[in-house]
Amino acid sequence: MRNLIIIAIVIIVGLVVLRQALYVVDVTEQVIILRFGEVVDTRTSPGLNVKAPFVDTVVRLDRRILRIDAPPVSMPDTNKQNLVIDIYARYRITDPVQFRKTLQSENNARSRLGDIVTSTLRDRVAQREREAIIGAEPLRDENGAPVVDEEGVPLVEARETRTEILNEVLAEVRNITVRDQFGIEMIDVRIKRADFPEAVTQSIFTRMRAERNRIAAGFRAEGEEQDRRIRAETDRDRDVIVAEAEREANKRRGEGEAEAISILAEALNRDPELFAFLRSLESYQRIIRQQDTIILSSDAPLFDYLAGPALPAGN
């Protein structure tokens, strides 16, 4: 029984010692081995490794690209106009021993590098105008003066100024990290958002709205002018068409009446007596009604047809 207890104790102690002596390095990690606070070894390749049990301490650092999200900061431009800029940066740990010596941990590195990036960007923003930081630069004349419109609003021209600023910031931050031996490699610096402070946002929106309303009013005025011109041209074309149509109608009506008169004259010449009789019948139909009383002279031509069936001797 005593032997079994001794064997069990030995096994337990052996497992504890083995657990303390072995450690695994993941593919996403790099490891520093510390002995009484001093670095004795580093491991960057994944796999199973051995260390001195109860003496060595394993410090794990990430091998992947790490991100720094700095809080939004108000930064003045060259005209002392503030912009709220939100940035982020990415870096990679290249020398874990030096990183451990200068920055201690990833949390400290995130805070320290965030301050460096923010400070460097603040210096670069202070050298530019607001339009350049947002993504455009003001147009200038041959004397270097800003070009403005009728309302005094500066005209801008889009350029790659923001990229230039970020490249300068990245180069400066890399110089600082190399000089101070942080053991890292800065990968990138980017601006997530560059906006106006809340205090002036409403006034800017009001100004933009007024500018858009002015442009819209100009478009409406141009449209109304074109509408009046088109309507005037259309009315003129309509009057010309109507006049030509009336002229053509009068011409055709005159030709028709002339043709009718010609036909009527030809028929009259063929049989004047029949024509006179028919015209008399038409006259009777127009002037005589059932209850009318007509008083005629005895020698009236109209009386000849009413007096008897014989044809008149005269007209």
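One table, with the values for the structure above:
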quantity	calculated
Table column - 3J(HN,Hα) (Hz), region 34-41, Karplus curve with 6.51, -1.76, 1.60, x for Gly and Pro	10, 10, 6, x, 9, 6, 10, 6
Per-residue ³J(HN,Hα) for region 183-191, Karplus 6.51 cos²θ - 1.76 cosθ + 1.60, θ = phi - 60°, Hz, x for Gly and Pro	x, 10, 10, 6, 8, 6, 9, 9, 9
FRET E, pair LEU281, GLU244, Förster distance 45 Å, beta-carbon r, rounded to 0.05	0.60
Set of lysines with alpha-carbon distance to LYS51 below 22 Å, sequence-local pairs under 8 removed	LYS101
Listed peptides 246-259, 176-189 by packing density, highest first (mean Cβ within 10 Å)	176-189, 246-259
Long-range HN-HN contacts of ARG63 with modeled amide H, under 5 Å	GLU29, GLN30
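Only the coordinates and a few stated rules stand behind these numbers; no lab work does. Computed from a predicted model, the values in this text were never measured in an experiment. Cβ sites come from the backbone with ideal geometry, for glycine too, and all protein chains shown count toward neighbours.
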